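The values are calculated or read from the model by the stated rules, or taken from the named source; none is laboratory data. Values in this document were obtained by computation on a predicted structure and should not be read as measured data. Here the Cβ is made from the backbone with ideal geometry for all residues, glycine too, and neighbour counts use every protein chain on show. To get the accessible areas, we keep the full protein, side chains included, count just its heavy atoms, and leave off ligands, DNA and RNA. Shrake-Rupley method; radii C 1.70, N 1.55, O 1.52, S 1.80 Å.
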Amino acid sequence: MIKENISKVLSEQVNAEYYSAYLYLIMSAYADRTGFKGVANWLFIQAQEEMAHGTHIYQHILERGGAPAFADVKTPEAALGSIKDVFKKVVAHEEYVTGLINNIATIALKENDHATYNFIMWYVNEQIEEEASANEILNKIDFIGDNLSLLYNLDVELSARVFTDPFSNTAD
Ligand code: FEO
């Protein structure tokens, strides 16, 4: 049976994952409406992944006999100035999420909850990838500068991203 404080912090993470999905949907809508359909696609898939994360953590709480707690999902800040601004905020947000995940790992260890520790390790690794891919795009945008044809190429590149359920091949 999962301890209450672990169940609570995991429930907060479910909320944070849905907040992330909302944030990326806001960004995706901004990109779509400013003509960057590829960027919009990348962010839309990012939002889908966040919803999959939230659902996966929710299932873990139930599987361990816990009671998921629900709270309002905050409305993310909608003001976005440019595509570069979007990706600066993606990087900052993923760094913030890494902190949340690390905190769960720390609490799980402190509570001797090896099942949750093992579960959350998937997210520790995922965050390495999340930060790396966001940083890679931000670096490309820095390199592109004011070159519109290179920016167009990046948009085409990001249109190729497709959603694959990250948990389709795992038992948990
Ligand atoms: Fe659920 Fe972007 O990490």
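The angle separating the long axis of helix 37-63 from the principal Cα axis of greatest extent in the chain is about 0 degrees. Among the GluC sites (Glu not before Pro) within the stretch 13-80, those in coil by DSSP and having at most 10 neighbouring Cβ atoms inside 10 Å are Glu77. Binning the alpha carbon pair distances of the chain at 5 angstrom intervals from zero yields the distribution 1, 8, 16, 21, 18, 13, 9, 7, 4, 2, 0, 0, expressed in whole percent. Between Val97, Val162, Val14, the residue with the greatest mean-square fluctuation in the GNM of the chain (Cα pairs under 10 Å linked by springs) is Val162.
Spatially, the stretch 105-133 and the stretch 48-81 are offset by 16 Å when compared through their Cα centroids. For Gly66, the amide hydrogen comes within under 5 Å of the amide hydrogens of Ile2, counting only partners 5 or more places away or on other chains and with H modelled in the peptide plane. What FRET efficiency, computed as 1/(1 + (r/R0)^6) with R0 = 25 Å and r the Cβ-Cβ distance, is obtained for Glu136 and Asn112, rounded to the nearest 0.05? Computed FRET efficiency for Glu136 and Asn112 comes out at 0.10. Karplus-based coupling profile of the stretch 133-138, in residue order and whole Hz: 5, 5, 5, 4, 5, 4, with θ = phi - 60° in 6.51 cos²θ - 1.76 cosθ + 1.60 and x standing for Gly or Pro.
Output the pairs from Lys74/Lys140; Lys3/Lys74; Lys37/Lys88; Lys37/Lys84 with a Cα-Cα distance over 21 Å in this structure; if there are none, say none. Over 21 Å apart, Cα to Cα: Lys74/Lys140; Lys3/Lys74. Note that the stretch 4-158 presents 52 Å² accessible area per residue, ligands and nucleic acids not counted, probe 1.4 Å. In a reduced charge model with +1 at each Lys and Arg Cβ and -1 at each Asp and Glu Cβ, the stretch 1-147 shows a dipole moment near 200 debye about its Cα centre. Here the Karplus curve 6.51 cos²θ - 1.76 cosθ + 1.60, taken at θ = phi - 60°, turns the phi angles of the stretch 110-123 into couplings of 4, 8, 6, 8, 5, 5, 5, 4, 4, 4, 6, 4, 4, 6 Hz, with x standing for Gly and Pro.
Quick one: compute the contact order of the stretch 21-172, relative version, from alpha carbon pairs under 8 angstrom and 6+ residues apart, as a percent. Provide the component values of the computation, followed by the final result.
Details: 115 pairs, mean separation 52.0, N = 152.
The value is 34 percent.
Seen from Leu151, the other residues with C-beta closer than 11 Å to its C-beta sum to a net charge of -1, counting Lys and Arg as +1 and Asp and Glu as -1. Protein heavy-atom surface of the chain, 1.4 angstrom probe: 55% of the accessible area is carbon and sulfur, with nucleic acids and ligands not counted.
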